[in-house]
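Novice: Below is one structure. I have some questions about it.
The values are calculated or read from the model by the stated rules, or taken from the named source; none is laboratory data. Since this is a predicted model, take the numbers as computed values, not measurements. Don't worry about glycine lacking a Cβ; one is built from the backbone with ideal geometry, like all the others, and counts go over all protein chains shown.
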Amino acid sequence: MKSRHRVRTYGEVFTPRHMVNRMLDLVREDLETGDFVDKTFLEPAAGHGNFLVAILRRKLHAIEKEYPPALWPQESLFAVASIYGIELLEDNHRDAKAIMLAEFLSFHQAHGIPCGPRTNLHQAAAFLIDANVVRGDTLTGLDWHGEEIQFSWWNRIPEAPGMAQREPFTFASLRHSTTDFAMNFAASDSYQACRIEKVHEQEKADD
C-alpha cells in the first residue's frame, strides 16, 4: 500500500509476492510446458508489475530449460510479446515497464548475452513492453489520452522461424468478443513481417 488516499480513491492494493506465486502455481502448465512461450496473459490492473514480472520470470526460466542457448534471445522476445497489462496510475505504469525490462535484461546478462541499450535485443524488448503494457482504465476501455485502448498481436510465421507480424487490435474487441474470440483486426493498420529482434523497426505494409 502506497497511501491510504490511493486505496480510497483508486482501490489500490498490491498483491504480496508469495500470493502472486501461489496464484501462478495454478497455471504452471501454461507458463512452463508445451507451447508456453506464446501463451498470452493479460493483467487488467497491473499495479507496479508484480504479476507481469513473475510471469516473465517463469517463462524465461522455462526457456532456459527447454530451449538451446542459441534460441534464448528469440524465444525470450516472443515471451515478452505474450504478456499484456493495463495500469491506471502513471507511477505504477512506469514502474511496471521498468521492472519487466530489468528482468529481461538480467536474464541475458546472467548468461553473457549482449543486451546493451544499442543492441536489437534490448531495443526490441523495450518496444514490446511499451506496446503491451499500457496506461489506461480497464473499466472504461480508454487510455490516459481518453482514446480506445489498443494492443498488438505478435504473430509467429510458422514457415519462417523467428519472424513475426504485428496485428493491432482493440481492447474493446476482447471485452465484447463472442465465444469465437473474434478480435477486431479489421480496422487496424497492417505491418510487414520481420525478425522478432527487429520488431522495433517494423514498418507498416503498403496500402
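Novice: Testing Ala160 on (1) closer than 22 Å to Asp35 by Cα; (2) at pLDDT 95 or above, one condition comes back false. Which one is that?
Specialist: (2)
Novice: Of everything in the range 1-39 that's surrounded by 15 or more Cβ atoms within 10 Å (Cβ to Cβ) and among the acidic types (Asp, Glu), which residue is modelled with the highest pLDDT?
Specialist: Asp38
Novice: Shifting gears a bit: Of all residues in the range 34-49, count the ones that are more than 13 Å from the chain's Cα centre (by Cα) and over 18 Å from Trp153 (Cβ atoms). Even if it seems obvious, please write down each step before you answer.
Specialist: As a first pass, look at the range 34-49 and keep what is more than 13 Å from the chain's Cα centre (by Cα): 34-36, 45, 47-48.
Next, from what is left, pick out any that are over 18 Å from Trp153 (Cβ atoms): 34, 45, 47-48.
Selection size over the range 34-49: 4.
Novice: If you don't mind, another one. Counting residues that are over 23 Å from Val27 (Cβ atoms) and free of Cβ contacts under 8 Å to residues at least 12 places away in the same chain, which helices (runs of 4 or more DSSP H) fully inside the range 47-152 reach at least 2?
Specialist: 90-110
Novice: Do the conditions hold for His200, that is, is it modelled with pLDDT of 65 or more and either touching a Ser or Thr at 6+ places or on another chain (Cβ under 9 Å) or within 18 Å of Ala81 (Cβ to Cβ) (or both)?
Specialist: yes
Novice: Could you list, in sequence order, the residues of the range 169-197 that are assigned to a helix (DSSP H, G or I) and at pLDDT below 95?
Specialist: Across the range 169-197, the qualifying residues are Phe171, Ala172, Ser173, Leu174, Arg175.
Novice: Separate question: Would it be correct to say that Arg166 is modelled with pLDDT of 95 or more, basic (Lys, Arg) and not in a helix (DSSP H, G or I)?
Specialist: No, not satisfied.
Novice: Please work out which residue is nearest to Ala81 (Cα to Cα), limiting yourself to the range 15-42 and to residues that are among the acidic types (Asp, Glu) and in a helix (DSSP H, G or I).
Specialist: Residue satisfying both the conditions and the ranking: Asp38.
Novice: Sort out which residues of the range 43-84 are more than 19 Å from Ala124 (Cα to Cα), modelled with pLDDT of 95 or more and touching a Phe, Trp or Tyr at 6+ places or on another chain (Cβ under 6 Å), and write them in order of number.
Specialist: The answer is Ala62, and nothing else.
Novice: Please work out which one of (1) of a type in the set (A, V, I, L, M, F, W, C); (2) closer than 20 Å to Lys198 by Cβ; (3) touching a strand residue (DSSP E or B) at 6+ places or on another chain (Cβ under 8 Å) is the condition Ile63 fails and give its number.
Specialist: Unmet condition: (3).
Novice: If you go through the range 40-77, how many residues are in contact with a Gly (Cβ under 9 Å, 6 or more places away or on another chain) and among the aromatic types (Phe, Trp, Tyr)?
Specialist: Final tally of qualifying residues: 2.
Novice: Restricting the range 110-154 to residues that are polar (S, T, N, Q) and closer than 24 Å to Gly49 by Cα, which is nearest to the chain's Cα centre (by Cα)?
Specialist: So, considering only residues that are polar (S, T, N, Q) and closer than 24 Å to Gly49 by Cα, the one nearest to the chain's Cα centre (by Cα) is Asn132.
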